[in-house]
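Structure first, commentary second.
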Amino acid sequence: MSRYYLGLDSSTQSLSAVLIDAESGQLVNQQSLNYAAELPAYNVTDGFLPSTSPGVVHAPPLMWVEALDQLLKQMQADKLPMNEIVAVAGAAQQHGSVYVGADFEARLKNCNPQKPLQKQLQNCFTRSTSPIWMDTSTTDQCTAITKALGGADQLIKATGSTATERFSGAQIKKFADKHPEDYVRTKAIMLVSSFMASLFSGRHVGIDLTDASGMNLLDIRHKQWYSAALACCGDHLQDKLKPPVNPQLPLGTISTYFTDRYGFNSNCMVLPWCGDNPSSLIGLGLVEPGMTAISLGTSDTCFGLFKDLPESMSPWAHTFIAPTLDYMSLLCFKNGSLAREAVRRQYQQSWEQFSACLEATPPGNQGAMMLPWFDTEIVPRIKHAGVQRYSLEATDIQANCRAVIEAQMIAMCNHASAAGLKPTSIRATGGASQNRAILQVMANVFDCPVDVLQTTTNSTALGAALRAVVAVERKTWKETVQPFTKTQYASQTIPDAAAVAVYQKMKKRYAEREQTCLMQD
Ligand code: ADP
Ligand code: XUL
């Protein structure tokens, strides 16, 4: 007998669905809808609206609703077994916030399944567009929040992050301060994740703990709202938010709108939606402490699971609550492929030649070192771009190829450690993870094995579907994720003991150089 579970990913540019059969461990179907291409009436490029105000990046919430309608209609047209789906869960771009008035819930409850949802939710928004994670217009609010809550260290300790422009707390404060009347008539504030979960549930549901930890509003130790932060960001904010919800507790059965319009079974369970990064953690199979992902994409990200919060937390990282209710750290390095490509192009190397340079040079680069800030950086925060070379000639092609990779891996390892991550195994993803010479440097610097997954399934949507399996079937995380997260190569990339010893010393030297540059920046 098949056991179907649906996972959705409402991301910045598209909505994706992954349908799995938990019984056979198979992916049944995967599809995606790009907002800009397929919903041109909303006038978005890359998923957001044009803006003339500096730092303002918003998106229309009804676009996410219409995307859902079209995607589910498509799944029905494709004759997918909608009626046999046991449970549905989702994940969304983090931090984006949605503001609705008093009639939102009544409208949701009374929706007519003959008509698209987006038509029936028009005009119920008190903020017509939603600020999303790319918005950086809240620097003043961040300064005020930091001051009101006793400084940056206290804020990190309590909420897991310094005051961050894209986080929802600052975005809510900006709305409450600049549009007080609209704020007062706002009955509910949701994140993209809880907004989507509310549609499925037919009622306003609370924000799940994973996404709540990306707001600067949650006490991450006690997993409840941090009342001082709420008070600072808006009057009666707690009433508008509802208590945060456990991502693993089903919200109930799916609303009749979804059964009648798309053919879901009336017993289909709805799970809370999570943030996309926490969901991806599950989709990549990282369900035990020490398991860490490194994505080598346009920018590089490093995230992983851990049990206990460290005494002091890194100002550059974000600590979120994971779907397993452990913690996860997320670090984002802007100079990822950008820096690797800059070196490769400067020396006119193909990726094969670049890899050959890595293989022809010794770990530690004979003392040569680079600080690879081809652009400004997030981790650590570097305001002025600039590449620094130490005992490294700009004309030495091989040594420069090695230097950029060693610098990136060492910086990642040092900052991951400061953020509470102690990787015991690494799962590499993203474009550069197909380069085994790069993976070897990673294994040596982190002193742990590195592997790559077989599939190219959307890990965020897959993570949501797997979360639903765990919640409904009460299986362990490990046995649930395993069939869907098989690794690609016959063997892992294993650290080399001699190289590990070289990097132990080099990590200290790198940290000192970085500190000096930070003071001069
Ligand atoms: P995005 O973050 O945009 O999704 P991807 O994960 O698709 O990016 O990664 C794209 C990047 O992968 C390219 O910019 C390129 O630099 C890098 N890449 C592709 N092939 C290789 C390779 N063999 N070695 C190292 N980097 C590679
Ligand atoms: C994480 C963040 C982004 C969005 C992208 O803090 O802002 O990764 O979640 O969808």
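The values are calculated or read from the model by the stated rules, or taken from the named source; none is laboratory data. All values reported here derive from a predicted model rather than from experimental measurement. FYI the Cβ positions are ideal-geometry reconstructions off the backbone, even for glycines, and counts take in every protein chain you see. Surface areas here come from the heavy atoms of the whole protein model, side chains and all, with no ligands, DNA or RNA. Shrake-Rupley method; radii C 1.70, N 1.55, O 1.52, S 1.80 Å.
Can you find a residue that is touching a residue at least 24 places away in the same chain (Cβ under 8 Å), within 22 Å of ALA428 (Cβ to Cβ) and hydrophobic (A, V, I, L, M, F, W, C) anywhere in segment 320-327? Scanning segment 320-327 turns up at least one residue that is touching a residue at least 24 places away in the same chain (Cβ under 8 Å), within 22 Å of ALA428 (Cβ to Cβ) and hydrophobic (A, V, I, L, M, F, W, C). All of (1) away from ligand 1 (no atom under 16 Å from the Cβ); (2) more than 27 Å from HIS204 (Cα to Cα) hold for PHE333 with one exception: (1). Given the condition under 30 Å from LEU462 (Cβ atoms), open to solvent by 10 Å² or more (accessible area, probe 1.4 Å), part of a loop (DSSP other than H, G, I, E, B) and away from ligand 1 (no atom under 16 Å from the Cβ), answer yes or no: does some residue in segment 113-128 qualify? Yes, segment 113-128 has at least one match. Closer than 30 Å to GLN13 by Cα, in contact with a strand residue (DSSP E or B) (Cβ under 6 Å, 6 or more places away or on another chain) and buried (at least 22 other Cβ atoms within 10 Å of the Cβ) - does that describe any residue in segment 437-447? Yes: segment 437-447 contains one or more residues that are closer than 30 Å to GLN13 by Cα, in contact with a strand residue (DSSP E or B) (Cβ under 6 Å, 6 or more places away or on another chain) and buried (at least 22 other Cβ atoms within 10 Å of the Cβ). Do we find a residue being outside any loop (DSSP other than H, G, I, E, B) and among the β-branched types (Val, Ile, Thr) anywhere in segment 372-391? Checking segment 372-391: at least one residue is outside any loop (DSSP other than H, G, I, E, B) and among the β-branched types (Val, Ile, Thr).
Go through segment 328-348 and give me each residue that's closer than 26 Å to THR456 by Cα and in contact (Cβ under 8 Å) with a residue 60 or more places away in the chain. Hits for segment 328-348 are SER329, LEU331, PHE333, ASN335, GLY336, SER337, ALA339, ARG340. Of all the criteria given as (1) assigned to a strand (DSSP E or B); (2) over 24 Å from ASP276 (Cβ atoms), the one not satisfied by SER2 is (1).
Yes or no, residue by residue, for (1) of a type in the set (A, V, I, L, M); (2) buried (at least 23 other Cβ atoms within 10 Å of the Cβ):
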| residue | (1), (2) |
| --- | --- |
| PRO243 | no, no |
| LEU249 | yes, no |
| ILE294 | yes, yes |
| PHE306 | no, no |
| ASP326 | no, no |
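Scanning segment 154-185 for residues that are more than 16 Å from TYR99 (Cβ to Cβ) and over 23 Å from the mean Cα position of the chain (by Cα) returns a single hit, GLN154. Do the conditions hold for THR361, that is, is it polar (S, T, N, Q), at pLDDT below 95 and either open to solvent by less than 60 Å² (accessible area, probe 1.4 Å) or more than 16 Å from ligand 2 (Cβ to nearest atom) (or both)? Considered against the rule, which asks whether it is polar (S, T, N, Q), at pLDDT below 95 and either open to solvent by less than 60 Å² (accessible area, probe 1.4 Å) or more than 16 Å from ligand 2 (Cβ to nearest atom) (or both), THR361 comes out as no.
Pairs linking a residue in segment 463-481 that is touching a residue at least 24 places away in the same chain (Cβ under 8 Å) to a residue that is among the hydroxyl-bearing types (Ser, Thr, Tyr) and not in a helix (DSSP H, G or I), with Cβ atoms under 7 Å and 6 or more positions apart or on different chains, are ALA465/TYR5; ALA468/TYR5; VAL469/TYR5; TRP477/THR324.
Of the residues making up segment 392-417, those that are in a loop (DSSP other than H, G, I, E, B) and aliphatic (A, V, I, L, M) are LEU392, ALA394. Would you say LEU281 is part of a strand (DSSP E or B) and either within 16 Å of ligand 2 (Cβ to nearest atom) or among the polar types (S, T, N, Q) (or both)? When the stated conditions are applied, LEU281 does not pass them.
Note on segment 1-46: residues that are open to solvent by less than 70 Å² (accessible area, probe 1.4 Å) and either free of Cβ contacts under 8 Å to residues at least 60 places away in the same chain or basic (Lys, Arg) (or both) amount to 15. Among the residues of segment 82-107, those identified as touching a Ser or Thr at 6+ places or on another chain (Cβ under 7 Å) and either open to solvent by less than 40 Å² (accessible area, probe 1.4 Å) or at pLDDT below 95 (or both) are GLY90, ALA91, ALA92, GLN93, HIS95, GLY96, SER97, VAL98, TYR99, VAL100, GLY101. For segment 142-152, the candidate set comprises residues that are touching a residue at least 40 places away in the same chain (Cβ under 8 Å) and assigned to a helix (DSSP H, G or I); within that set, the residue that is farthest from VAL98 (Cα to Cα) is ALA152.
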